[in-house]
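First up is the structure itself, then whatever we jot down about it.
The values are calculated or read from the model by the stated rules, or taken from the named source; none is laboratory data. Because the structure is a prediction, the values reported are computed rather than measured. A quick note on method: Cβ atoms are made from the backbone with ideal geometry, for glycine too, and the neighbour counts reach across all protein chains shown. SASA here: full protein model, heavy atoms, side chains in, ligands and nucleic acids out. Shrake-Rupley method; radii C 1.70, N 1.55, O 1.52, S 1.80 Å.
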Amino acid sequence: MADPSSYRPKPGQIPDSPGVYRFRDEHRRVIYVGKAKSLRQRLSSYFQDLANLHPRTRTMVTTAASVEWTVVGTEVEALQLEYTWIKEYDPRFNVKYRDDKSYPYLAVTLNEEYPRVRVMRGAKKKGVRYFGPYGQAWAIRETVDLLLRVFPVRTCSAGVFKRSAQIGRPCLLGYIGKCSAPCVGRVSPEEHRELAEEFCDFMAGRTGAYIRRLEKAMQEAAEEMEYERAARLRDDIDALRRAMEKSAVVLADATDADLIALAEDELEAAVQIFHVRGGRVRGQRGWVTDKVENVDTAALVEHALQQLYGEESGDAVPKEVLVPALPDPVEPVQQWLTERRGSNVSLRVPQRGDKKDLMVTVQRNAQQALALHKTKRASDLTTRSRALEEIAQALGLDSVPLRIECFDISHLQGDDVVASMVVFEDGLARKSEYRRFQIKSFEGQDDVRAMHEVIGRRFRRYLQEKQQTGEWEEETPAGEDAPVATGPTGEPVPSGPTDEEGRPKRFAYPPQLVVVDGGQPQVAAAQRALSELGVDDVAVCGLAKRLEEVWLPDEDDPVVLPRSSEGLYLLQRVRDEAHRFAIAYQRNKRGKRLRSGPLDSIPGLGESRRQALLKHFGSVKRLRAARVEDICEVPGIGRKTAETIAAALAGAAPAAPVVNTATGEIIEDDGAAPAALSSERGLER
């Protein structure tokens, strides 16, 4: 536990201006990001008597080892920079909303020649129009099914579209009238895009005028005794009305607004958002957060606004945002939202009328979401805590292993030997910390030797970066002064295992427990690697697959955990994840090797020219027999390159004959390979 006075800035060093500050721990990880109208006043509040600080703030300042800041011109710039740094560094003491699911959106791909209506999740793409989010994907499909009768926009994938264009016959939707079949030219690209834009207008809430237009067309068709056309228009109107009924009118004045409500207790907070467009609820979403910092409702609202609109622009930011409490101060946040939208945005608390009633409904949803989350998490936290405690007790550890690293070796009969490292923190996988290794010191099948190499490389890197942080004092040659880096406080700041912006490097943080996939030999190799490096504060164990026994260094008998043990289940998950990650890497590496050939190793010969050579000669066998003058005839191949190719192929051993595995027949490479042959076949493995 650090003493905040050890890194407290000297009096007068902190500027009295707007800015953003970062607290870092002893490993130079950013653990908290904040903004302030006055950096001097805000930072001074952290360095008072610890007894006067909120417990969470006290934990943060005692975990930190340094503080730094960046001065900005306005509070709006501070708001934007704070959001950027929180997204980049993921500080452990900042409020972070966890989206409880990847919400589906109804998307129209206006960035394509023939726009497509589809369900999309994840990050938003440029040029795609989004509607939602929806609670369930089936709700989107029901809506689209109703609207395709009126707006027959393409919904098929690129493969289906291309196939229909090739055979000149549309898919089933084209035959039943739910697609305008642009794939076979029934409509032009311009006409199809107009249909897609009308679909977007209807989904955006501009429904009344469109229905009135259809009603007028239906009456005209009836007056002209075109009863079949009038009946189709009648059915279209009915389909549109049924689609509209799926989102009830909640605000009579066709308002575009987002309503945000919070439910919170001492430890957690849930946020619910209703997206209202054209007076109708078009989407709903919800997040939950741990209150790891001392924040009130207004601060939680500000964090929610950053999360919602930090990467949005234009119409994705509504004209009106209704919240339960206004951020303090409210002007920078409102100005930031206005800049994101490009026009004025109203940020306020509803006081009366329909908007206040709808806010009550959103609030009720937030309370239910928090109650449901607590019910689920109580069981999850209890299980993970029990698993870690069982592991610590079974292995005789002084404390529970909050960070576990597992290593596995993978190969195919001694070829393409690779290793994986997976990381679990607090019982959960931390995939951003996963690492892959290629075995470099030897060739062949020797899992024990490979494990020794991998563990040694991983912890050698850790010790190097630990030395760079200043946790170890480097010996300085006599007569020379060690270079000292200084931060904004004027005090020495270690360079740290980070880049210039403080992003952590790969092996900066040690685990409390190393798990290896294997038994006694693998465990002994891992322990020997740690001992050679002088690392004596990391526990090692191995999990053997056959009987799921846990092996410890220098022990003749394994530790047998009960089959119902949560600790054994966690170790199995860690081991299986390491195995999966290693297998995936090994298969990828093997696939690349099998697809390679003599042409791949020729310097200066890229994919395009390799394909041009294969297209011209038909096979590597014919290319090997060609003269330099013949090779020069290939477009893009000069005399010097042709000589390099001829020399490389002359020195390369011919590939083994290709054998039909079904019949045992040797297939002669007579040059009949097609022009589009991939390197997997045409480069003579």
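Values as computed for the structure displayed
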quantity: Residue match in segment 77-90 (condition: touching a residue at least 24 places away in the same chain (Cβ under 8 Å), assigned to a helix (DSSP H, G or I), crowded, with 19+ Cβ neighbours inside 10 Å and among the acidic types (Asp, Glu)); calculated: yes
quantity: Single unsatisfied condition, residue 177 versus (1) within 31 Å of the chain's Cα centre (by Cα); (2) at positive phi; calculated: (1)
quantity: Subset tally (residues that are surrounded by fewer than 17 Cβ atoms within 10 Å (Cβ to Cβ) and over 13 Å from residue 522 (Cα atoms)) for segment 538-547; calculated: 2
quantity: Any hit, segment 579-592, residues being free of Cβ contacts under 8 Å to residues at least 24 places away in the same chain, aliphatic (A, V, I, L, M) and not in a loop (DSSP other than H, G, I, E, B); calculated: yes
quantity: Among (1) closer than 28 Å to residue 234 by Cα; (2) open to solvent by 30 Å² or more (accessible area, probe 1.4 Å), the one test that residue 174 misses; calculated: (2)
quantity: Top-ranked residue in segment 349-375 [being farther than 17 Å from residue 264 by Cβ and in a helix (DSSP H, G or I); ranked as least open to solvent (accessible area, probe 1.4 Å)]; calculated: 358
quantity: Qualifying residues in segment 290-328 (those that are at pLDDT below 85 and closer than 23 Å to residue 46 by Cα) - the one most open to solvent (accessible area, probe 1.4 Å); calculated: 328
quantity: First in segment 147-165 and more than 10 Å from residue 116 (Cβ to Cβ), second anywhere and assigned to a helix (DSSP H, G or I) and open to solvent by 40 Å² or more (accessible area, probe 1.4 Å), Cβ under 6 Å, 6 or more apart; calculated: 151/198
quantity: Filter result for the condition that a residue is in contact with a helix residue (DSSP H, G or I) (Cβ under 9 Å, 6 or more places away or on another chain), within 28 Å of residue 288 (Cβ to Cβ) and among the basic types (Lys, Arg), over 435, 384, 430; calculated: 384
quantity: Hey, residue 243 modelled with pLDDT under 80 and open to solvent by 40 Å² or more (accessible area, probe 1.4 Å) or not; calculated: no
quantity: Whichever residue in segment 107-142 is modelled with pLDDT under 90 and among the aromatic types (Phe, Trp, Tyr) and, among such residues, is least open to solvent (accessible area, probe 1.4 Å); calculated: 131
quantity: Subset tally (residues that are assigned to a loop (DSSP other than H, G, I, E, B), surrounded by fewer than 17 Cβ atoms within 10 Å (Cβ to Cβ) and touching a residue at least 40 places away in the same chain (Cβ under 8 Å)) for segment 603-647; calculated: 2
quantity: Pick from segment 10-65, criterion hydroxyl-bearing (Ser, Thr, Tyr), in contact with a strand residue (DSSP E or B) (Cβ under 7 Å, 6 or more places away or on another chain) and within 14 Å of residue 91 (Cα to Cα), ranking: most open to solvent (accessible area, probe 1.4 Å); calculated: 63
quantity: Residue 671 vs. criteria farther than 25 Å from residue 591 by Cβ, at pLDDT below 50, more than 43 Å from the chain's Cα centre (by Cα) and of a type in the set (Gly, Ala, Ser); calculated: yes
quantity: Residue in segment 547-559 that is at positive phi and either part of a helix (DSSP H, G or I) or out of contact with any Asp or Glu (no Cβ under 7 Å at 6 or more places or on another chain) (or both) present; calculated: yes
quantity: Residue identified as within 28 Å of residue 559 (Cα to Cα), in contact (Cβ under 8 Å) with a residue 60 or more places away in the chain and open to solvent by 50 Å² or more (accessible area, probe 1.4 Å) among 403, 436, 386, 430; calculated: 386
quantity: Leading residue by the ranking (surrounded by the most Cβ atoms within 10 Å (Cβ to Cβ)) among those in segment 329-348 that are part of a loop (DSSP other than H, G, I, E, B) and in contact with a strand residue (DSSP E or B) (Cβ under 7 Å, 6 or more places away or on another chain); calculated: 345
quantity: Residue in segment 585-602 that is nearest to residue 430 (Cα to Cα), counting only those that are open to solvent by less than 50 Å² (accessible area, probe 1.4 Å) and not aromatic (Phe, Trp, Tyr); calculated: 586
quantity: Tally of residues being of a type outside the set (S, T, N, Q) and open to solvent by 10 Å² or more (accessible area, probe 1.4 Å) across segment 519-537; calculated: 10
quantity: Filter result for the condition that a residue is among the aromatic types (Phe, Trp, Tyr) and farther than 16 Å from residue 420 by Cβ, over 585, 569; calculated: 569
quantity: Total residues in segment 30-69, condition over 26 Å from residue 509 (Cβ atoms) and touching a Phe, Trp or Tyr at 6+ places or on another chain (Cβ under 8 Å); calculated: 6
quantity: Count - residues of segment 406-426 that are within 21 Å of the chain's Cα centre (by Cα) and assigned to a strand (DSSP E or B); calculated: 6
